[in-house]
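Here is the structure we will look at.
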Amino acid sequence: MNARGTKTAGDTSVRLRGAAGAWRRLRAGVRGWGGVGAMAVVCALALAFALLLPLSQQGGPDPAGAGRGVAHGSQVKAAEECENPEDQSLSPSGGDGRSPVLDAIKDRKDRRLIVGVDTNSYRWGYLDPNNPSGELEGFDIDLVHRIAEDILGDRDAVQFKAIPTSRRIEAIQKGEVDMVVRTMTINCDRIGQVAFSAPYFVTGQQVLAPKTSAITGFDKTLADRKVCSAEGSTAYDNLEAGRKNGDLPASTDISTTVPNQLDCLVKLQLGDVDAVVTDGALAASQAAQDPTVELKGSLFTDEYYGVAMKLGSDDLVRQVNRTLENYVKDGGWEASYEKWLHPTMDQGDKKSASATPPDADYK
């Protein structure tokens, strides 16, 4: 599927890739995803589960010393000269035929892929208390299983590790995980620190606030309001930039940050903050968990999620991109979207802009 083409969703025409300006003009049509029921118990159980998963591993997987050597310098240079960071990944084909990172993963005594994920984001990576298996599930989790199946021949050959938003890059760089699949936005700063796959999801930043609030979006109605975001997130970067460039009033208080973005919803529920800024896709899921909150205004940024890996792990990046291409072609991506995200992101027969996978352009 070529997402550079135009997709009609109701009366909204959405161009998912290509010129950033086209997406910005049309993203305003993606508004007001509503909630479907409270899921507070899910949050509590998921947070408890997160404490049971190891946050680090002594020595880490660090397959074949991925990320060392000449690749680092070229990646840093790429970040400095960055334009369209979502188009900077490696083609599935090409390379020199060697696969040191993949070979190291396959040669482990415990033959599993080690993946950093979220465990408390409803419909992305979370625990359903009604699932007797006790296994993680969600859109990102489906993708991890597919990657494991393609690399190791077993979709369940995965060791999931709970990684907070603020530690995603650190966990990769320290070799604690082979990759992070955790609603992680590809941006210019990050491509100098980790290697990304091609994008597998497109969304944007959005404001979440109580339904009774007078806040209308990322605008002057945030004056004198306390806004929460996750540490190390693109949401905080956009809040900071918004105050500097005048998109937000100088009186907007953006000092409240948390390790995990779901913690912002808790602060909003407790009345500690007036609004939350996060990715629109995550905000839609949070609105589904709490029917007293809603999305305010339209998307105000472009966000492309990618699978993050260690710098220099070229063979692993190419393999993941091959998996992504096949995942889209054989309908796996669409089936996962319909199962997990359609209920919170689409409005009846009107699809959100995120309902079509972004096409891949390689450097």
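The values are calculated or read from the model by the stated rules, or taken from the named source; none is laboratory data. Predicted model only: the values in this text are computed from it and were never measured. With ideal geometry, Cβ positions are generated from the backbone for all residues, glycine too; neighbour counts draw on all protein chains shown. Ligands, DNA and RNA are stripped out before the accessible areas are found, and what is left, the full protein with its side chains, is counted by its heavy atoms. Shrake-Rupley method; radii C 1.70, N 1.55, O 1.52, S 1.80 Å.
Counting just the residues of region 135-150 that are part of a loop (DSSP other than H, G, I, E, B) and touching a residue at least 24 places away in the same chain (Cβ under 8 Å), which one comes out surrounded by the fewest Cβ atoms within 10 Å (Cβ to Cβ)? Checking each candidate, the answer is Leu136.
Among the residues making up region 84-105, those that are surrounded by fewer than 15 Cβ atoms within 10 Å (Cβ to Cβ) and either touching a residue at least 12 places away in the same chain (Cβ under 8 Å) or assigned to a strand (DSSP E or B) (or both) are Ser93, Gly94, Gly95, Arg98, Asp103.
Does region 106-125 hold any residues that are of a type in the set (A, V, I, L, M) and surrounded by fewer than 24 Cβ atoms within 10 Å (Cβ to Cβ), and which are they? Ile114, the sole residue that qualifies.
It is to be established whether one or more residues within region 233-253 are in contact with a Lys or Arg (Cβ under 6 Å, 6 or more places away or on another chain) and in contact (Cβ under 8 Å) with a residue 40 or more places away in the chain. Checked against the condition, which is being in contact with a Lys or Arg (Cβ under 6 Å, 6 or more places away or on another chain) and in contact (Cβ under 8 Å) with a residue 40 or more places away in the chain, region 233-253 yields no hits at all. Which one is surrounded by the fewest Cβ atoms within 10 Å (Cβ to Cβ), of the residues in region 156-198 that are among the charged types (D, E, K, R) and within 22 Å of Glu86 (Cβ to Cβ)? Checking each candidate, the answer is Asp189. If the condition is being closer than 30 Å to Val207 by Cβ and open to solvent by less than 10 Å² (accessible area, probe 1.4 Å), then region 301-326 contributes Glu303, Tyr305, Gly306, Val307, Ala308.
Counting only residues that are hydroxyl-bearing (Ser, Thr, Tyr) and closer than 21 Å to Ala214 by Cα, which one in region 256-292 is most open to solvent (accessible area, probe 1.4 Å)? Applying the filter and picking the extreme gives Thr292.
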